[in-house]
Amino acid sequence: MPELGRPVLAWLDPKPGERILDLGCGDGALTSELARSGAAVVGIDASPSQIEAARARGLDARVMDAAALAFEAEFDAVFSNAALHWMADRTSVLAGTARALKPGGRLVAEMGGKGNIDRVLRAILAVLAERGCDGRPALPWLFPDPDDQAAALARAGFRVARMEHFERPTDLDCTMTDWLEIFAPAFVRLLPEADRETFFTEVSARLEPELFDPGRGVWWVDYVRLRFEAVKT
Ligand code: BEZ
């Protein structure tokens with residue numbers, strides 16, 4: 001959904017001639033917009049298929065682990081949208097990001113913040129608990145609160161210039177079951193084979209009173225965002 005990335009792109013305010021790293025660039029939809037500003041952009045992502053899609057857009061895109069970035073003081077800015085919450089080793093990611101930036105360079109990012117998809121998570125954990133399973137150790141995401149993220153940034157050598165934590169309920173262009181299949185497969189693996197097929201439909205049924213708008217026939221997700229700009233000191 002590149003249009004949802006536009007506000008954080010506006011915070012980045014890329015300039016022609018700047019060299020910018022897009023951390024977790026996915027298929028490059030937003031990276032292409034970034035490149036249209038005239039900046040020289042490099043995208044990295046851990047997924048080879050996503051990088052293939054980004055390269056098909058003509059982008060300089062590389063398969064790379066964000067926790068082991070291979071760049072030294074070469075970027076004016078690092079940008080990241082909807083990717084940092086997938087990266088469990090935050091310390092290594094932020095240390096590598098600081099290393100990749102020139103002195104005074106900026107990190108501008110948006111990720112899931114504390115409270116993100118709380119209703120969805122509650123439903124997932126409840127359905128798992130009914131089957132005798134504790135889903136909490138399998139949580140694949142980090143949704144920090146502002147103080148915690150600011151402290152992690154400071155430890156990595158950044159000064160926070162601005163940070164916002166806000167709710168952004170978002171309509172889906174698919175069903176809740178489709179969304180869960182794409183984004184939450186980690187939880188299904190906890191279940192015995194026989195229970196797997198019905199898991200997402202059960203979670204979806206539990207969420208329907210809260211997250212399905214029958215008037216419009218649309219599912220939505222209770223996203224909470226953490227958006228920040230931090231400067232390498
Ligand atoms: C998000 O906040 O963008 C997100 C969180 C979990 C799964 C998918 C997306």
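The values are calculated or read from the model by the stated rules, or taken from the named source; none is laboratory data. This structure is a prediction, so every number in the text was calculated from the model and none was measured. In this analysis, Cβ positions are derived from the backbone assuming ideal geometry, glycine residues included, and neighbour counts consider all displayed protein chains. The accessibility values were calculated without ligands, DNA or RNA, using every heavy atom of the protein model including side chains. Shrake-Rupley method; radii C 1.70, N 1.55, O 1.52, S 1.80 Å.
Mind checking whether some residue in region 106-113 is open to solvent by 10 Å² or more (accessible area, probe 1.4 Å), modelled with pLDDT of 95 or more and within 27 Å of THR31 (Cβ to Cβ)? Taking every residue of region 106-113 in turn, at least one turns out to be open to solvent by 10 Å² or more (accessible area, probe 1.4 Å), modelled with pLDDT of 95 or more and within 27 Å of THR31 (Cβ to Cβ). Checked against the criterion of being touching a Phe, Trp or Tyr at 6+ places or on another chain (Cβ under 7 Å), surrounded by fewer than 21 Cβ atoms within 10 Å (Cβ to Cβ) and in a strand (DSSP E or B), region 97-104 contains one or more residues that satisfy it. Here ALA123 qualifies as of a type in the set (Gly, Ala, Ser), within 16 Å of the ligand (Cβ to nearest atom) and farther than 20 Å from PHE79 by Cα. Would you confirm, using the coordinates I've provided, whether ARG136 is farther than 18 Å from ALA88 by Cα and of a type in the set (Lys, Arg)? So ARG136 does not fit the description; no. Being assigned to a helix (DSSP H, G or I), within 19 Å of the chain's Cα centre (by Cα) and in contact (Cβ under 8 Å) with a residue 40 or more places away in the chain is the filter here, so list the residues in region 151-179 that pass it. Hits for region 151-179 are ALA152, LEU153, MET176, TRP179. Say whether the condition of being basic (Lys, Arg), in contact with a Leu (Cβ under 7 Å, 6 or more places away or on another chain) and surrounded by 14 or more Cβ atoms within 10 Å (Cβ to Cβ) is met by at least one residue in region 83-91. Yes, because at least one residue in region 83-91 is basic (Lys, Arg), in contact with a Leu (Cβ under 7 Å, 6 or more places away or on another chain) and surrounded by 14 or more Cβ atoms within 10 Å (Cβ to Cβ). Here PHE166, PHE187, PHE228, PHE143 are screened, and the one residue that is at pLDDT 95 or above, within 16 Å of the ligand (Cβ to nearest atom) and surrounded by fewer than 15 Cβ atoms within 10 Å (Cβ to Cβ) is PHE166. Taken over region 203-225, the criterion of being charged (D, E, K, R) and either touching a His at 6+ places or on another chain (Cβ under 8 Å) or within 14 Å of the ligand (Cβ to nearest atom) (or both) is satisfied by ASP222, ARG225.
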